[in-house]
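Notes follow the structure.
Every number here is computed from the coordinates shown, using simple stated rules; none is lab data. Owing to the predicted nature of the structure, the values given are computational and were not obtained by experimental measurement. Virtual Cβ from ideal backbone geometry, glycine too; neighbours counted across all protein chains shown.
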Ligand code: BGC
């Protein structure tokens, strides 16, 4: 055998040995296989498919990720913290390095965040803040105080004189945002309740606290406990109907309604619209859901707060990319979640009513004109 042939053979056997060693090691590896190079090792968990708001987020995530060629999985928790935890566990088993999660219940989700943290994955709280854990690395959100403040400002701007009947509704007490929205609204409404412009008709807790310019979380919880919609269409409808049954004709007339989001706004609007003693109503919302945009065009909902989900998605993906590179995502301030100050970025929100619905939602390219009828 020539010298050259021996060299080639020994190189060949070395390769075989290396291959054998690698082969033997692979099945024994304790951690799941690393995701393919160049792909985003990210899992996304959203609260429910039953509300158009979260379908908007899913669609916008898919659009953004497809355009960027990233590989992710999006799972829905269907209103259950138990399913949410299973979703997180399944994504961790698949080897995700970053979890983007909008919690169903802000406090219950702490356990899932802790599990992700233990598995070495970074946690981005998406839109809703996960509370009472140090395992949240980052928070992407809208300016939720401004959401409530803009809803309240709309009511204030359209109220004349004194003694206008005011009906208050709130989101789910398990969602930190419900508190933040209410806080924003209360800051604007309270002085107008104190000066007699508005009279609260459906919450004895709110009446009891109406002299206070700012409320503690416990005080907010008392009011929210009385006027919660639980972010649910039927709960909102039943509560509005019960409030209307309990109210005298004199407590109706031209009414002002703080409704926390579009889904509940439509339910509450339907209930008030059907009451013979309600002459007119103004009702707020948020999310610019298509059905509510149509309600606004039709004069059945007064306004919505447009939260451009494309921005939230873009911020979340930028944060995920930074965390994958082991760098800190760009933060502008922080939110305290009861255990830690979570670095955060928040984006602005816009009031939309009939007057600017076309400019704000159609001309901006957010929705197609053909999605609606009777656009102004
Ligand atoms: C979100 C809203 C949404 C609500 C109900 C909140 O946390 O910020 O956009 O309407 O949850 O799902």
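Taking a label point 7 Å from the Cα of residue 238 along the Cα→Cβ vector, which residues of region 167-192 have an amide N closer than 20 Å to it? It comes to 168-175, nothing else. Relative contact order of the chain: 15 percent, from C-alpha pairs under 8 Å at least 6 residues apart in sequence. Helices in the chain, meaning DSSP H runs of at least 4 residues, each add -39500 (n - 2.57). Divided by all residues, the mean residue ellipticity at 222 nm is -14000 deg cm²/dmol. Quick one: of the DSSP bridges fully inside the chain, what percent are antiparallel, nearest 5? Taking every DSSP beta bridge with both residues in the chain, the antiparallel ones total about 20 percent. What the Cβ-Cβ distance of residue 339 and residue 55 gives, at R0 = 22 Å and to the nearest 0.05, is a FRET efficiency of 0.10. Ranking of 321, 42, 72 by neighbouring Cβ atoms within 10 Å, starting from the fewest: 321, 72, 42.
Which FRET efficiency value, to the nearest 0.05, is calculated for residue 280 and residue 363 with the Förster distance at 35 angstrom and r the Cβ-Cβ distance? The value I calculate is 0.75.
Neighbour counting of Cβ atoms within 10 Å sorts the residues 54, 186, fewest neighbours leading, into 54, 186.
Sort region 230-376 into rounded, prolate or oblate with this rule: let a ≥ b ≥ c be the square roots of the eigenvalues of the Cα gyration tensor; rounded if a/c is under 1.5, and if a/c is not under 1.5, prolate when a/b is larger than b/c, oblate otherwise.
Taking the square roots of the gyration eigenvalues as a ≥ b ≥ c, region 230-376 is oblate.
Here the spin labels are modelled as points 7 Å beyond Cα on the Cα-Cβ line, and at residue 199 and residue 327 they lie 6.0 nm apart. The shape of the chain comes out prolate: with a ≥ b ≥ c from the C-alpha gyration tensor, a/c is at least 1.5 and a/b beats b/c. The mean sequence distance of close C-alpha pairs (under 8 Å, at least 6 residues apart), as a share of the length of region 222-315, puts its relative contact order at 25 percent. Each of residue 132 and residue 246 was given a label point 7 Å from its Cα along the Cα-to-Cβ line. The distance between the two points is 2.8 nm.
Ordered by the count of other Cβ atoms within 10 Å of each Cβ, fewest first, 235, 370 give 370, 235.
Does region 183-257 come out rounded, prolate or oblate by the C-alpha gyration tensor, with a ≥ b ≥ c the root eigenvalues, rounded set by a/c under 1.5 and, if not, prolate when a/b is larger than b/c and oblate if not? Cα axes put region 183-257 in the oblate bin.
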